[in-house]
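For reference, the structure discussed in these notes is given below.
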Amino acid sequence: MAGGHRFGGDWTDLKLDVLQKYLGFFTSALRNKNFDLYYIDAFAGSGGRLIDRLVENQPFLFGAEARLEQVYVPGSARIALETSPPFQQIILVERHEGRFAALTDLCAEYPDIRARTQRGEANAAIIELCRSTPWLKTSRNRAGVRAVMFLDPYGMSVEFETLREIAATQAIDVWYLFPLSGVYRQAARSGRNLTPDKRAAITRILGTPEWESAFYGQDNRSNDLFASLDDVGGSMDMRRTADVQAIETYVKKRLDSIFPHVSNPLRLKRKDGTPLFSLFFAVSSPNPKAIGLARKVATHILDSGSSSQVRPRK
Ligand SMILES: C[S@@+](CC[C@H](N)C(=O)[O-])C[C@H]1O[C@@H](n2cnc3c(N)ncnc32)[C@H](O)[C@@H]1O
(Lines give C-alpha, C1' and ligand atoms only; values in the text may rest on other atoms or scores of the structure.)
Protein backbone atom coordinates (compact mmCIF):
# COMPACT_ATOMS: atom_id res chain seq x y z
CA MET A 1 0.00 0.00 0.00
CA ALA A 2 1.34 3.45 -0.93
CA GLY A 3 2.67 5.40 2.06
CA GLY A 4 0.91 7.97 4.15
CA HIS A 5 2.11 11.03 5.98
CA ARG A 6 0.98 12.60 9.20
CA PHE A 7 -1.17 15.71 9.07
CA GLY A 8 -4.45 17.15 10.28
CA GLY A 9 -6.81 16.15 13.03
CA ASP A 10 -10.53 15.50 13.45
CA TRP A 11 -11.29 18.26 10.95
CA THR A 12 -9.44 16.23 8.33
CA ASP A 13 -12.00 13.42 8.62
CA LEU A 14 -14.77 15.95 8.17
CA LYS A 15 -13.33 17.62 5.07
CA LEU A 16 -12.62 14.25 3.45
CA ASP A 17 -16.16 13.03 4.20
CA VAL A 18 -17.49 16.13 2.46
CA LEU A 19 -15.21 15.60 -0.53
CA GLN A 20 -16.04 11.89 -0.81
CA LYS A 21 -19.79 12.58 -0.82
CA TYR A 22 -19.48 15.29 -3.46
CA LEU A 23 -17.27 13.22 -5.77
CA GLY A 24 -19.82 10.37 -5.67
CA PHE A 25 -22.61 12.78 -6.51
CA PHE A 26 -20.63 14.47 -9.28
CA THR A 27 -19.71 11.39 -11.30
CA SER A 28 -23.20 9.88 -10.86
CA ALA A 29 -25.02 13.04 -11.88
CA LEU A 30 -22.88 13.72 -14.97
CA ARG A 31 -22.31 10.10 -16.01
CA ASN A 32 -24.66 10.21 -19.00
CA LYS A 33 -24.07 13.81 -20.03
CA ASN A 34 -21.29 13.22 -22.55
CA PHE A 35 -18.69 15.18 -20.56
CA ASP A 36 -15.21 13.92 -19.72
CA LEU A 37 -15.05 14.07 -15.93
CA TYR A 38 -11.78 15.12 -14.29
CA TYR A 39 -10.65 15.27 -10.69
CA ILE A 40 -7.77 17.66 -9.98
CA ASP A 41 -6.01 17.53 -6.63
CA ALA A 42 -3.53 20.40 -6.54
CA PHE A 43 -2.13 19.63 -3.05
CA ALA A 44 -2.48 15.88 -3.28
CA GLY A 45 -0.26 14.70 -0.41
CA SER A 46 0.70 11.02 -0.51
CA GLY A 47 -2.74 9.50 -1.00
CA GLY A 48 -3.27 8.60 2.62
CA ARG A 49 -2.26 9.50 6.11
CA LEU A 50 -1.14 7.83 9.28
CA ILE A 51 -3.13 8.42 12.43
CA ASP A 52 -2.90 7.14 15.97
CA ARG A 53 -6.07 5.34 16.92
CA LEU A 54 -6.92 4.39 20.48
CA VAL A 55 -7.58 0.68 20.80
CA GLU A 56 -9.46 0.08 24.02
CA ASN A 57 -10.10 -2.86 26.31
CA GLN A 58 -7.35 -5.11 25.08
CA PRO A 59 -7.37 -8.16 27.33
CA PHE A 60 -3.86 -8.01 28.73
CA LEU A 61 -2.51 -10.16 31.48
CA PHE A 62 -3.12 -7.53 34.15
CA GLY A 63 -6.56 -6.33 33.01
CA ALA A 64 -8.01 -4.06 30.34
CA GLU A 65 -5.76 -1.40 28.87
CA ALA A 66 -5.89 1.12 26.08
CA ARG A 67 -3.09 1.60 23.62
CA LEU A 68 -2.38 3.65 20.55
CA GLU A 69 -2.19 1.90 17.23
CA GLN A 70 -0.89 3.48 14.03
CA VAL A 71 -3.33 3.05 11.17
CA TYR A 72 -3.41 4.15 7.52
CA VAL A 73 -6.51 6.00 6.35
CA PRO A 74 -7.29 7.10 2.78
CA GLY A 75 -6.54 10.66 1.77
CA SER A 76 -8.13 12.70 -1.00
CA ALA A 77 -6.20 11.04 -3.86
CA ARG A 78 -7.23 7.52 -2.90
CA ILE A 79 -10.81 8.66 -2.31
CA ALA A 80 -10.87 10.07 -5.86
CA LEU A 81 -9.36 6.91 -7.33
CA GLU A 82 -12.05 4.83 -5.62
CA THR A 83 -14.96 7.05 -6.63
CA SER A 84 -17.73 5.15 -8.35
CA PRO A 85 -18.69 5.71 -11.13
CA PRO A 86 -15.05 6.55 -11.87
CA PHE A 87 -13.55 9.76 -13.21
CA GLN A 88 -12.21 9.65 -16.77
CA GLN A 89 -9.05 11.46 -15.68
CA ILE A 90 -7.41 12.12 -12.33
CA ILE A 91 -4.61 14.67 -12.01
CA LEU A 92 -2.56 14.75 -8.82
CA VAL A 93 -0.12 17.59 -8.16
CA GLU A 94 2.40 17.42 -5.33
CA ARG A 95 5.62 19.30 -4.63
CA HIS A 96 7.20 17.03 -2.01
CA GLU A 97 9.47 14.34 -3.47
CA GLY A 98 8.55 11.47 -1.14
CA ARG A 99 4.81 12.15 -1.30
CA PHE A 100 4.98 12.45 -5.05
CA ALA A 101 6.66 9.02 -5.22
CA ALA A 102 3.94 7.57 -2.97
CA LEU A 103 1.27 9.02 -5.26
CA THR A 104 2.86 7.37 -8.26
CA ASP A 105 2.81 4.01 -6.44
CA LEU A 106 -0.79 4.65 -5.44
CA CYS A 107 -1.90 5.20 -9.04
CA ALA A 108 -0.24 1.92 -10.02
CA GLU A 109 -2.74 0.18 -7.70
CA TYR A 110 -5.54 1.37 -10.00
CA PRO A 111 -4.49 0.30 -13.52
CA ASP A 112 -8.00 0.82 -14.89
CA ILE A 113 -8.15 4.49 -13.91
CA ARG A 114 -6.42 7.13 -16.06
CA ALA A 115 -4.42 8.97 -13.45
CA ARG A 116 -1.56 11.38 -13.93
CA THR A 117 0.83 12.61 -11.26
CA GLN A 118 2.65 15.88 -11.65
CA ARG A 119 5.49 17.06 -9.46
CA GLY A 120 5.49 20.81 -9.06
CA GLU A 121 4.14 23.96 -7.54
CA ALA A 122 0.37 23.99 -7.30
CA ASN A 123 -0.42 27.53 -8.52
CA ALA A 124 1.70 27.15 -11.66
CA ALA A 125 0.29 23.66 -12.33
CA ILE A 126 -3.33 24.84 -11.95
CA ILE A 127 -2.85 27.80 -14.26
CA GLU A 128 -1.26 25.59 -16.90
CA LEU A 129 -4.11 23.05 -16.59
CA CYS A 130 -6.80 25.71 -16.71
CA ARG A 131 -5.34 27.16 -19.89
CA SER A 132 -4.58 23.90 -21.70
CA THR A 133 -7.65 21.74 -20.99
CA PRO A 134 -10.37 21.76 -23.67
CA TRP A 135 -13.16 22.56 -21.23
CA LEU A 136 -15.90 23.43 -23.63
CA LYS A 137 -15.46 21.12 -26.58
CA THR A 138 -13.26 18.05 -26.96
CA SER A 139 -14.62 16.53 -30.17
CA ARG A 140 -17.80 16.21 -32.18
CA ASN A 141 -18.96 13.42 -29.87
CA ARG A 142 -17.95 14.88 -26.53
CA ALA A 143 -19.53 17.87 -24.83
CA GLY A 144 -16.31 18.99 -23.13
CA VAL A 145 -14.62 18.54 -19.77
CA ARG A 146 -16.10 19.10 -16.32
CA ALA A 147 -13.97 18.85 -13.20
CA VAL A 148 -13.91 18.89 -9.45
CA MET A 149 -10.82 20.52 -7.99
CA PHE A 150 -9.69 20.11 -4.39
CA LEU A 151 -7.51 22.85 -2.90
CA ASP A 152 -6.16 21.52 0.37
CA PRO A 153 -2.96 23.41 1.21
CA TYR A 154 -1.38 23.43 4.66
CA GLY A 155 -1.27 27.20 4.72
CA MET A 156 -1.77 30.33 2.65
CA SER A 157 -0.48 28.87 -0.63
CA VAL A 158 -3.38 29.46 -3.01
CA GLU A 159 -3.04 32.77 -4.79
CA PHE A 160 -6.18 34.69 -5.66
CA GLU A 161 -4.92 35.04 -9.24
CA THR A 162 -5.02 31.23 -9.46
CA LEU A 163 -8.67 31.27 -8.36
CA ARG A 164 -9.42 33.74 -11.15
CA GLU A 165 -8.02 31.26 -13.67
CA ILE A 166 -10.15 28.47 -12.22
CA ALA A 167 -13.28 30.63 -12.36
CA ALA A 168 -12.53 31.58 -15.98
CA THR A 169 -12.79 27.94 -17.12
CA GLN A 170 -16.53 27.98 -16.28
CA ALA A 171 -16.18 24.21 -15.93
CA ILE A 172 -14.70 23.50 -12.48
CA ASP A 173 -16.43 22.95 -9.14
CA VAL A 174 -13.96 23.80 -6.39
CA TRP A 175 -13.64 22.69 -2.79
CA TYR A 176 -11.25 25.13 -1.11
CA LEU A 177 -9.98 24.69 2.40
CA PHE A 178 -9.32 28.32 3.22
CA PRO A 179 -6.72 28.86 5.99
CA LEU A 180 -8.78 31.12 8.24
CA SER A 181 -6.40 30.86 11.19
CA GLY A 182 -3.45 31.62 8.90
CA VAL A 183 -4.96 34.92 7.79
CA TYR A 184 -6.08 35.73 11.32
CA ARG A 185 -2.51 35.20 12.55
CA GLN A 186 -0.95 37.28 9.75
CA ALA A 187 -3.40 40.12 10.36
CA ALA A 188 -1.65 41.21 13.55
CA ARG A 189 -3.92 42.80 16.13
CA SER A 190 -1.86 45.96 16.25
CA GLY A 191 -1.10 47.80 13.01
CA ARG A 192 2.45 48.22 14.35
CA ASN A 193 3.05 44.52 13.83
CA LEU A 194 1.67 44.34 10.31
CA THR A 195 4.99 43.78 8.50
CA PRO A 196 5.39 44.08 4.70
CA ASP A 197 5.63 40.26 4.48
CA LYS A 198 2.38 39.79 6.36
CA ARG A 199 0.64 42.39 4.22
CA ALA A 200 1.90 40.76 1.02
CA ALA A 201 0.79 37.27 2.11
CA ILE A 202 -2.76 38.45 2.86
CA THR A 203 -2.96 40.47 -0.35
CA ARG A 204 -1.81 37.42 -2.36
CA ILE A 205 -4.51 35.20 -0.93
CA LEU A 206 -7.31 37.79 -1.11
CA GLY A 207 -6.28 39.40 -4.40
CA THR A 208 -6.59 43.00 -3.25
CA PRO A 209 -4.92 45.32 -0.72
CA GLU A 210 -8.35 46.61 0.27
CA TRP A 211 -8.64 44.03 3.05
CA GLU A 212 -6.57 46.35 5.21
CA SER A 213 -9.18 49.07 5.43
CA ALA A 214 -11.86 46.41 5.96
CA PHE A 215 -9.98 44.71 8.82
CA TYR A 216 -8.41 47.70 10.61
CA GLY A 217 -9.72 50.80 12.33
CA GLN A 218 -8.25 53.65 14.34
CA ASP A 219 -6.96 52.53 17.73
CA ASN A 220 -8.49 55.07 20.08
CA ARG A 221 -6.81 53.47 23.08
CA SER A 222 -3.34 54.47 21.96
CA ASN A 223 -1.76 56.94 24.41
CA ASP A 224 1.63 57.12 22.72
CA LEU A 225 1.58 60.75 21.58
CA PHE A 226 4.88 60.45 19.68
CA ALA A 227 4.17 57.18 17.85
CA SER A 228 2.62 58.96 14.88
CA LEU A 229 5.90 60.81 14.21
CA ASP A 230 7.47 57.49 13.11
CA ASP A 231 4.36 56.29 11.43
CA VAL A 232 5.08 56.87 7.77
CA GLY A 233 2.50 54.37 6.45
CA GLY A 234 -0.15 55.47 8.92
CA SER A 235 -0.76 51.99 10.29
CA MET A 236 0.83 52.27 13.75
CA ASP A 237 -2.29 53.53 15.44
CA MET A 238 -4.50 51.08 13.63
CA ARG A 239 -6.00 48.11 15.36
CA ARG A 240 -7.62 45.06 13.82
CA THR A 241 -11.34 45.41 14.36
CA ALA A 242 -12.29 42.38 12.24
CA ASP A 243 -12.85 39.18 14.21
CA VAL A 244 -12.75 35.66 12.76
CA GLN A 245 -16.35 35.91 11.56
CA ALA A 246 -15.73 39.23 9.81
CA ILE A 247 -12.63 37.84 8.11
CA GLU A 248 -14.53 34.77 6.91
CA THR A 249 -17.34 36.99 5.59
CA TYR A 250 -14.76 39.07 3.73
CA VAL A 251 -13.22 35.95 2.18
CA LYS A 252 -16.64 34.86 0.94
CA LYS A 253 -17.18 38.30 -0.56
CA ARG A 254 -13.89 38.00 -2.44
CA LEU A 255 -14.80 34.56 -3.80
CA ASP A 256 -18.28 35.84 -4.71
CA SER A 257 -16.58 38.50 -6.85
CA ILE A 258 -15.20 35.86 -9.26
CA PHE A 259 -17.39 32.73 -8.98
CA PRO A 260 -21.08 32.61 -9.99
CA HIS A 261 -21.86 30.63 -6.83
CA VAL A 262 -20.06 30.27 -3.50
CA SER A 263 -21.48 28.29 -0.58
CA ASN A 264 -21.59 29.47 2.99
CA PRO A 265 -18.48 27.79 4.38
CA LEU A 266 -18.19 24.96 6.84
CA ARG A 267 -15.95 26.15 9.69
CA LEU A 268 -13.47 23.48 10.73
CA LYS A 269 -12.24 23.75 14.30
CA ARG A 270 -9.93 22.15 16.76
CA LYS A 271 -11.47 20.07 19.55
CA ASP A 272 -11.23 23.11 21.86
CA GLY A 273 -13.28 25.18 19.38
CA THR A 274 -10.39 27.18 17.87
CA PRO A 275 -11.29 27.99 14.24
CA LEU A 276 -8.76 26.62 11.75
CA PHE A 277 -10.18 26.50 8.23
CA SER A 278 -13.27 27.47 6.27
CA LEU A 279 -14.28 24.88 3.71
CA PHE A 280 -15.78 26.72 0.74
CA PHE A 281 -17.52 25.29 -2.28
CA ALA A 282 -17.51 27.38 -5.46
CA VAL A 283 -19.06 26.73 -8.86
CA SER A 284 -17.45 28.30 -11.92
CA SER A 285 -20.18 27.37 -14.41
CA PRO A 286 -22.55 30.25 -15.13
CA ASN A 287 -25.29 27.80 -16.17
CA PRO A 288 -28.23 28.28 -13.75
CA LYS A 289 -29.21 24.59 -13.92
CA ALA A 290 -25.66 23.44 -13.12
CA ILE A 291 -25.43 25.95 -10.28
CA GLY A 292 -28.82 24.96 -8.89
CA LEU A 293 -28.00 21.26 -8.67
CA ALA A 294 -24.43 21.69 -7.39
CA ARG A 295 -25.59 24.24 -4.80
CA LYS A 296 -28.37 21.97 -3.54
CA VAL A 297 -26.09 18.96 -3.15
CA ALA A 298 -23.16 20.87 -1.66
CA THR A 299 -25.41 22.69 0.81
CA HIS A 300 -26.89 19.39 1.93
CA ILE A 301 -23.43 17.86 2.38
CA LEU A 302 -22.08 20.93 4.21
CA ASP A 303 -25.14 21.13 6.49
CA SER A 304 -24.85 17.49 7.44
CA GLY A 305 -21.12 18.05 8.02
CA SER A 306 -21.71 20.93 10.40
CA SER A 307 -24.27 19.02 12.46
CA SER A 308 -22.48 15.67 12.48
CA GLN A 309 -20.26 14.32 15.17
CA VAL A 310 -16.87 13.74 13.61
CA ARG A 311 -16.16 10.06 13.53
CA PRO A 312 -12.79 8.57 12.69
CA ARG A 313 -12.57 7.22 9.14
CA LYS A 314 -12.57 3.43 8.90
C1 LIG B 1 -2.77 18.97 3.70
S2 LIG B 1 -1.70 18.13 2.63
C3 LIG B 1 -2.78 17.41 1.45
C4 LIG B 1 -3.52 16.25 1.96
C5 LIG B 1 -4.35 15.54 0.93
N6 LIG B 1 -5.35 16.43 0.35
C7 LIG B 1 -5.01 14.34 1.54
O8 LIG B 1 -6.21 14.38 1.87
O9 LIG B 1 -4.32 13.31 1.67
C10 LIG B 1 -0.96 19.41 1.68
C11 LIG B 1 0.04 18.91 0.65
O12 LIG B 1 0.35 19.96 -0.24
C13 LIG B 1 1.73 19.95 -0.53
N14 LIG B 1 2.08 21.32 -0.90
C15 LIG B 1 2.19 22.39 -0.07
N16 LIG B 1 2.40 23.52 -0.78
C17 LIG B 1 2.44 23.16 -2.08
C18 LIG B 1 2.60 23.87 -3.30
N19 LIG B 1 2.77 25.20 -3.30
N20 LIG B 1 2.56 23.17 -4.45
C21 LIG B 1 2.38 21.83 -4.46
N22 LIG B 1 2.22 21.09 -3.34
C23 LIG B 1 2.24 21.75 -2.16
C24 LIG B 1 2.41 19.43 0.71
O25 LIG B 1 3.63 18.80 0.41
C26 LIG B 1 1.36 18.45 1.25
O27 LIG B 1 1.63 17.15 0.82
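The values are calculated or read from the model by the stated rules, or taken from the named source; none is laboratory data. Remember, predicted model here, so these are calculated numbers, not experimental data. Here Cβ is always computed from backbone atoms with ideal geometry, including for glycine, and neighbour counts include all displayed protein chains. We work out accessible area using only protein heavy atoms, side chains counted, and drop any ligands, DNA or RNA first. Shrake-Rupley method; radii C 1.70, N 1.55, O 1.52, S 1.80 Å.
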Fill in the blank from the handout: When every residue in segment 123-173 that is in contact with a Lys or Arg (Cβ under 6 Å, 6 or more places away or on another chain) and of a type in the set (Gly, Ala, Ser) is compared, the one surrounded by the most Cβ atoms within 10 Å (Cβ to Cβ) is Ala171
Practice task
Please work out if Asp17 is open to solvent by 20 Å² or more (accessible area, probe 1.4 Å) and of a type in the set (Asp, Glu).
Solution key: yes
Completion exercise
Scanning segment 27-46 for residues that are among the hydroxyl-bearing types (Ser, Thr, Tyr) and within 16 Å of the ligand (Cβ to nearest atom) gives Tyr39, Ser46
Exercise for the section: Please work out which residue is surrounded by the most Cβ atoms within 10 Å (Cβ to Cβ), limiting yourself to segment 79-103 and to residues that are free of Cβ contacts under 8 Å to residues at least 40 places away in the same chain and in a helix (DSSP H, G or I). Expected result: Leu81
Fill in the blank from the handout: Among strands (runs of 3 or more DSSP E) entirely within segment 131-226, at least 1 residues that are farther than 21 Å from Trp11 by Cβ and free of Cβ contacts under 8 Å to residues at least 60 places away in the same chain occur in 216-218
Fill in the blank from the handout: Given the conditions (1) under 24 Å from Ala147 (Cα atoms); (2) near the ligand (Cβ under 9 Å from one of its atoms), every one holds for Arg49 apart from (1)
Fill in the blank from the handout: Per the list (1) in a helix (DSSP H, G or I); (2) modelled with pLDDT of 95 or more; (3) not polar (S, T, N, Q), residue check on Phe280 breaks on (1)
Handout entry: Qualifying residue in segment 105-116 (condition: touching a Ser or Thr at 6+ places or on another chain (Cβ under 7 Å) and of a type in the set (A, V, I, L, M))
Key = no
